[in-house]
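Written out below as structure tokens is the structure these notes cover.
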Amino acid sequence: MRSTPRKKRRWPLYTGLSILIIIVAFVGWYVYSGVHALDRFEKPKEESIFSNVPEKPEEKPPEWTGTERVNVLLMGGDNRGLTKGETPRSDSMLIASFDPATKNVHLFSILRDTYVKIPGHGSDRLNAALSIGGPNLSMKTISELTGLDIQYYVYADFQGFIKLVDAIGGVDFYVEKDMHYTSAADKHMFDIDLKKGQQHLDGDHALQYVRFRHDRLSDYTRTERQRAFLGAVADKLQSGWNLIKLPTILNKVVPYIETNMSVDDMWKLASLGYKSHQAGSAQLPPMNLLVEQNIGGSTIGIRNEDKLREYIQEVLASDSSTAASPGASGSASASAAP
């Protein structure tokens, strides 16, 4: 097993979906501005944080023609403290799965400590795939695990999340309990201090909320909170004033984002996303298919990978059937995390 430990454990971050929300709002943005910022998302190889990762033909993602289901891997990470040539681990991961036929989008958040086979590199935690082989290896690993073709990725540093929330004027959100954490070892840089109740969260406090994991169910409840908060971000971002401000918002977050989407890809996805609605969200692996284990530390095992892939297809099929039902609206009932 290959291991690529970081010098210091970084707190999990959840930025990718926020950036995708910006991408799918490009149609609205186009009404108010030009396209001058779009090509800045796809960085030249020499400017990429993944410039030291060799590209292998066998890891190249499949192309999207625009008619079949498209899946985007969204990854959040912390680039601070990296030495030159060092690649980060993906501390947060989710898949945004769009169906052009039903106009449904489903969000799957993936537990980062899931112990999986990484093609060509043995077995390790899922979040190690990024540091071992870059975004293409992460996409290939998750594609083989889930049975979904992963065509695109979006990687965002945590600063992009902070700047996004600040750029949209913060988010009004109900914090479900007091959240406190302090660490002298980290010089209190990662302290968390939030009170229960309705809050107006700026970027720094929003980051505290989405990375809090010091409760009984740790990562499980953390991913639920993240999905809920990003739904609130989506609502705020789609307001008329923030659509007008999108050029400014884009310019603030672009330095912290990397993607393999071309401008044409972004426009195709934007056209689809603008017409789509979120059908639901789910955790992978679901609770009934995971087992906690100790392999080089605490990890999450999958009881049956075939059952996992069946579960994903059942969730997506439920999205389609719900959308087809007369008067159906909102989230598909089968899409809630078990």
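Summary table
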item: Selection status of Glu144, out of contact with any helix residue (DSSP H, G or I) (no Cβ under 6 Å at 6 or more places or on another chain), closer than 29 Å to Asp306 by Cα and of a type outside the set (Gly, Ala, Ser); result: yes
item: Every pair of residues 6+ apart whose Cβ atoms lie under 6 Å, when the first sits in the range 293-308 and is on the phi < 0 side of the Ramachandran plot while the second is assigned to a strand (DSSP E or B) and among the hydroxyl-bearing types (Ser, Thr, Tyr); result: Gln293/Thr299; Ile295/Tyr115; Thr299/Tyr115; Ile300/Thr114; Gly301/Tyr115
item: Verdict on Leu207 being modelled with pLDDT under 90 and touching a Leu at 6+ places or on another chain (Cβ under 8 Å); result: yes
item: Of residues in the range 60-81 being at pLDDT below 85 and open to solvent by less than 40 Å² (accessible area, probe 1.4 Å), the one farthest from Ala234 (Cα to Cα); result: Asp78
item: Number of the condition not met by Phe108 [criteria: (1) among the hydrophobic types (A, V, I, L, M, F, W, C); (2) closer than 15 Å to Ile302 by Cβ; (3) at pLDDT 95 or above]; result: (3)
item: Cross-chain or 6+ apart pairs with Cβ under 9 Å, the range 229-258 first and of a type in the set (D, E, K, R), then in a helix (DSSP H, G or I) and at pLDDT 75 or above; result: Lys236/Val165; Lys245/Ala167; Lys252/Gly160; Lys252/Lys163; Lys252/Leu164; Lys252/Asp166; Lys252/Ala167; Glu258/Pro135
item: Filtered residues of the range 92-126 (kept if open to solvent by 10 Å² or more (accessible area, probe 1.4 Å) and in a loop (DSSP other than H, G, I, E, B)); result: Pro100, Ala101, Thr102, Lys103, Asp113, Pro119, Gly120, His121, Gly122
item: Residue that is out of contact with any Cys (no Cβ under 9 Å at 6 or more places or on another chain), modelled with pLDDT of 85 or more and not β-branched (Val, Ile, Thr), where the choices are Pro57, Pro44; result: Pro57
item: Test: residue in the range 267-277 that is modelled with pLDDT of 85 or more and touching a strand residue (DSSP E or B) at 6+ places or on another chain (Cβ under 9 Å); result: no
item: Scope the range 187-213; condition over 22 Å from the mean Cα position of the chain (by Cα) and open to solvent by 20 Å² or more (accessible area, probe 1.4 Å); matching residues; result: Lys187, His188, Met189, Asp191, Asp193, Lys195, Lys196, Gln198, Gln199, His200
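The values are calculated or read from the model by the stated rules, or taken from the named source; none is laboratory data. Only a predicted model underlies this, so the values are computations on that prediction, with no experimental measurement involved. All Cβ positions, glycine included, derive from the backbone under ideal geometry; neighbour counts span all protein chains shown. Just the protein is used for accessible areas: all its heavy atoms, side chains included, with ligands, DNA and RNA removed. Shrake-Rupley method; radii C 1.70, N 1.55, O 1.52, S 1.80 Å.
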